[in-house]
Amino acid sequence: MTEPEFVREIAQPLSGSANDYDALLELIGDARFVLLGEASHGTHEFYFERAAITKRLIAEKGVTVIAIEADWPDAYRVNRYARGANQDRNAKEALLGFRRFPTWMWRNTVVLEFVEWLRGFNKLATGEVSLTGGHVDPKKAPAGFFGMDLYSLHSSIDAVLNYLEKVDPDAARRARLRYSCFDHFSREPQEYGYAATVGAAESCEDAVVDQLVELRRKAREFLSRDGKVAADELFFAEQNARLVKNAEQYYRSMFRGRASSWNLRDRHMVETIEALVAHLNGSRHPKAVVWAHNSHLGDALATEVSQHGELNVGQLVRERFSDEAVSIGFTTHHGSVTAASDWGAPAERKNVRPALPGSYEEVFHQTGLPRFWIDLRGAGQIGVLQQRRIERAIGVIYRPETERLSHYFHARLPEQFDAIIHIDETRAVEPLERTSAWDEGELPETYPFKV
């Protein structure tokens, strides 16, 4: 039996039916942390299937936390909308906070639909709206939408100051003085990181740590003012202050090597997930779904990056929560993707080249199945999957001209994930703001011929 035939034997085809993921939800069971990856930051099917699985986890498993690879303040605006707690008129307006490159990661048509669904579900679940005219479950907590990344240094500073202006103007003045350490630079934190690293400017480390310590010290006083609302607003402010502290360290670490900054970023993500669960904890034992790239969520110990000292969210979550966590990755063989050619460049609709020989994606393609998933905990132990192979990762930048060097790494898939979803041909996710470059797309490599 050939390698593709072995894979075909253990693959569970996906047909697009409502019960496609019944067996996957059985595998997930009562796990408190479900990590849902993606092999690119711009593939429609990855976003769509991830949202479909998440909807079922919210409705059937009681998940109340969606933690995404995005900045805390931007996602929190969406969270408020999903809970009916702000003035945004619709999901498109609520997503306006995502202004930083790459905007299409969260301002796209799939996320738009999911956020509207989440708001509607929360209204039904909490009894604000009911198809029967009565409360559905008055004790059920609404599901929230949260960011776990740390790129929002300045917007998080603004959020802390805005909070303190409302609850303690004197504390706000002290915070503004501490954060003024960053005023000597533009709103590009990399400039601060470089200057502090080479000794051209003093580090702001003490200032941001002092601010977080003071905010936590005054927590009891702030909490005494307005019960649950005060607790949520303090939590939002404290997470922003913690983000500023970690971001300050992150931007200095960028100039000390990739592993240092990568590890700090992924540790911050896990700290955020833990903080969310702790904040929402009570008798409910909240469950969380995490949306991020495969490179963050697949266990780093199963990939070549661990040899360079890198860890990631998937590794840390497995170490801390063991059987309470399930990680699910995505792969594709060919199609199109929304990506840029350089950092900060416009979104383009690029052709994704067929996967390279020797890759997991090529083996999956050779099965002839258009869509399927594999339970890697059991069937994944067969040799064809245990064998170390290359695996593709496309981020916000796609450079097909250096495909092997830029987008492949070695991995052992069954050790990296608990399950894998493969969609052989995929298409680019549609941004809410389409550019002319995106609309035009790329000409096929066979142009002007049809073969």
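Within segment 340-364, take every residue that is of a type in the set (Lys, Arg) and outside any loop (DSSP other than H, G, I, E, B) and give me the one that is surrounded by the fewest Cβ atoms within 10 Å (Cβ to Cβ).
Our first condition is that a residue be of a type in the set (Lys, Arg); within segment 340-364, this holds for 349-350, 353.
With outside any loop (DSSP other than H, G, I, E, B) added as a condition, the list becomes 349-350.
Numbers: Arg349: 22, Lys350: 25.
Looking at residues that are of a type in the set (Lys, Arg) and outside any loop (DSSP other than H, G, I, E, B), I get Arg349.
Suppose the filter is in contact with a helix residue (DSSP H, G or I) (Cβ under 8 Å, 6 or more places away or on another chain) and either at pLDDT below 95 or under 23 Å from Ile397 (Cβ atoms) (or both); does Met105 pass it? Give the steps one after another, and end with the answer.
Details: in contact with a helix residue (DSSP H, G or I) (Cβ under 8 Å, 6 or more places away or on another chain): no; either at pLDDT below 95 or under 23 Å from Ile397 (Cβ atoms) (or both): yes.
Taking the combined requirement at face value, the residue does not satisfy it.
Restricted to segment 244-260, and to residues there that are assigned to a helix (DSSP H, G or I) and modelled with pLDDT under 90, the residue that is surrounded by the fewest Cβ atoms within 10 Å (Cβ to Cβ) is Arg256. Restricting attention to segment 363-386, the residues being farther than 22 Å from Tyr21 by Cα, at pLDDT below 90 and not aliphatic (A, V, I, L, M) number 2. Among the residues making up segment 281-298, those that are more than 15 Å from the chain's Cα centre (by Cα) and either surrounded by fewer than 19 Cβ atoms within 10 Å (Cβ to Cβ) or under 16 Å from Asn263 (Cβ atoms) (or both) are Asn281, Gly282, Ser283, Arg284, His285. Looking at segment 261-271, is at least one residue closer than 30 Å to Glu60 by Cβ and surrounded by fewer than 19 Cβ atoms within 10 Å (Cβ to Cβ)? Yes, segment 261-271 contains a residue that is closer than 30 Å to Glu60 by Cβ and surrounded by fewer than 19 Cβ atoms within 10 Å (Cβ to Cβ).
What residue, among those in segment 49-92 that are closer than 23 Å to Val270 by Cβ and hydroxyl-bearing (Ser, Thr, Tyr), is farthest from the chain's Cα centre (by Cα)? So, considering only residues that are closer than 23 Å to Val270 by Cβ and hydroxyl-bearing (Ser, Thr, Tyr), the one farthest from the chain's Cα centre (by Cα) is Thr64. Could you tell me which numbered condition Phe6 fails, if it satisfies all but one of (1) surrounded by fewer than 18 Cβ atoms within 10 Å (Cβ to Cβ); (2) modelled with pLDDT of 95 or more; (3) among the aromatic types (Phe, Trp, Tyr)? For Phe6, the failing item is (2).
Kindly evaluate Ala241 against the criterion of being of a type in the set (Gly, Ala, Ser), touching a residue at least 40 places away in the same chain (Cβ under 8 Å), closer than 25 Å to Ala171 by Cβ and assigned to a helix (DSSP H, G or I). So Ala241 passes the test. Scanning segment 224-238 for residues that are over 13 Å from Leu164 (Cα atoms) and in a helix (DSSP H, G or I) gives Gly227, Lys228, Val229, Ala231, Asp232.
Highlighted here are the helices (runs of 4 or more DSSP H) found entirely within segment 365-424 that include at least 2 residues which are under 26 Å from the mean Cα position of the chain (by Cα): 403-407, 413-416. If you filter segment 413-451 down to residues that are of a type in the set (Gly, Ala, Ser) and modelled with pLDDT of 95 or more, you find that the one that is surrounded by the most Cβ atoms within 10 Å (Cβ to Cβ) is Ala428. Across segment 114-132, which residue is modelled with the highest pLDDT among those that are part of a loop (DSSP other than H, G, I, E, B) and surrounded by fewer than 16 Cβ atoms within 10 Å (Cβ to Cβ)? For segment 114-132, the residue satisfying everything is Gly127.
Report, by residue number, each residue of segment 162-205 that is in contact with a Lys or Arg (Cβ under 6 Å, 6 or more places away or on another chain) and either among the aliphatic types (A, V, I, L, M) or without any contact (Cβ under 8 Å) to a residue 40 or more places away in the chain (or both). Steps first, please.
Taking segment 162-205 as the starting set, the residues that turn out to be in contact with a Lys or Arg (Cβ under 6 Å, 6 or more places away or on another chain) are 193, 196-197.
Ala196 - this is the single residue of segment 162-205 that is in contact with a Lys or Arg (Cβ under 6 Å, 6 or more places away or on another chain) and either among the aliphatic types (A, V, I, L, M) or without any contact (Cβ under 8 Å) to a residue 40 or more places away in the chain (or both).
The residues of segment 153-192 that are modelled with pLDDT under 90, surrounded by 14 or more Cβ atoms within 10 Å (Cβ to Cβ) and not hydroxyl-bearing (Ser, Thr, Tyr), listed by number, are Phe185, Pro189, Glu191.
For segment 90-113, filtered to residues that are among the aromatic types (Phe, Trp, Tyr) and crowded, with 21+ Cβ neighbours inside 10 Å, the residue that is nearest to Ala67 (Cα to Cα) is Trp106.
The values are calculated or read from the model by the stated rules, or taken from the named source; none is laboratory data. Everything quoted here is computed from the prediction, not taken from an experiment. As a convention, Cβ positions derive from the backbone with ideal geometry for all residues, glycine included, and neighbour counts pool all protein chains shown.
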